[in-house]
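**Student:** Attaching a single structure in structure tokens format; questions to follow.
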Amino acid sequence: MISLAGAAVLALAGCSSDDSSAPPTEESLRATLDAQYGRLQKSEFAEDYDTLSQRCQDMFSRDDYADAASLAYAGRDFSGPQELAITLDGDSATVVATSFDGKGNKAPMTWRYVDGEWKFDNC
């Protein structure tokens, strides 16, 4: 079982374009983050696992990830929009997200652009 800190990787993870030749942009990262937040709003934690970097996936199973995220986000209100602060640096980015309910640790999270997709790499 992963810790709640491990589940915090769910704070942001997402999918991006299928074009691996496209350069990383803030716009593509925002699209990824918006897609992830949509999954968070619907409690689709197992589906969100695919947006983790391979390094993060190697640390825990899909089921453990989904179970820990379900516990970590129980009782939270994601009914409204999130706020994002993004610092892009080539093929990596630092993101601070504030959910609609204002809760969460608001710690900077690392994202990497790998093979045309933004992957959450903060595990």
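**Student:** Can you pull out the residues in the stretch 64-91 that are of a type in the set (S, T, Y) and touching a residue at least 60 places away in the same chain (Cβ under 8 Å)?
**Tutor:** Within the stretch 64-91, Y65, Y73 qualify.
**Student:** Quick check, is N122 within 24 Å of P23 (Cα to Cα) and either part of a loop (DSSP other than H, G, I, E, B) or free of Cβ contacts under 8 Å to residues at least 12 places away in the same chain (or both)?
**Tutor:** Yes, satisfied.
**Student:** Could you identify the single residue in S21, S43, S28 that is touching a residue at least 40 places away in the same chain (Cβ under 8 Å) and either touching a helix residue (DSSP H, G or I) at 6+ places or on another chain (Cβ under 6 Å) or within 26 Å of A85 (Cβ to Cβ) (or both)?
**Tutor:** Sole residue among the options that is touching a residue at least 40 places away in the same chain (Cβ under 8 Å) and either touching a helix residue (DSSP H, G or I) at 6+ places or on another chain (Cβ under 6 Å) or within 26 Å of A85 (Cβ to Cβ) (or both): S28.
**Student:** Sticking with this structure for a sec: Within the stretch 17-71, which helices (runs of 4 or more DSSP H) (wholly inside it) include 3 or more residues that are of a type outside the set (A, V, I, L, M, F, W, C) and either surrounded by fewer than 14 Cβ atoms within 10 Å (Cβ to Cβ) or in contact with a Ser or Thr (Cβ under 8 Å, 6 or more places away or on another chain) (or both)?
**Tutor:** 26-41
**Student:** For the subset of the stretch 72-90 comprising residues that are outside any strand (DSSP E or B) and over 16 Å from the mean Cα position of the chain (by Cα), which member is nearest to S28 (Cα to Cα)?
**Tutor:** That would be G90.
**Student:** Can you tell me which residue within the stretch 86-105, out of those that are modelled with pLDDT under 95 and in contact with a strand residue (DSSP E or B) (Cβ under 6 Å, 6 or more places away or on another chain), is surrounded by the fewest Cβ atoms within 10 Å (Cβ to Cβ)?
**Tutor:** The extreme case among them is T98.
The values are calculated or read from the model by the stated rules, or taken from the named source; none is laboratory data. This one's a predicted model, so the numbers in the text were calculated from it and none came from an experiment. For neighbour counting, all protein chains shown are included, and Cβ atoms are generated from backbone atoms with ideal geometry for every residue, glycine included.
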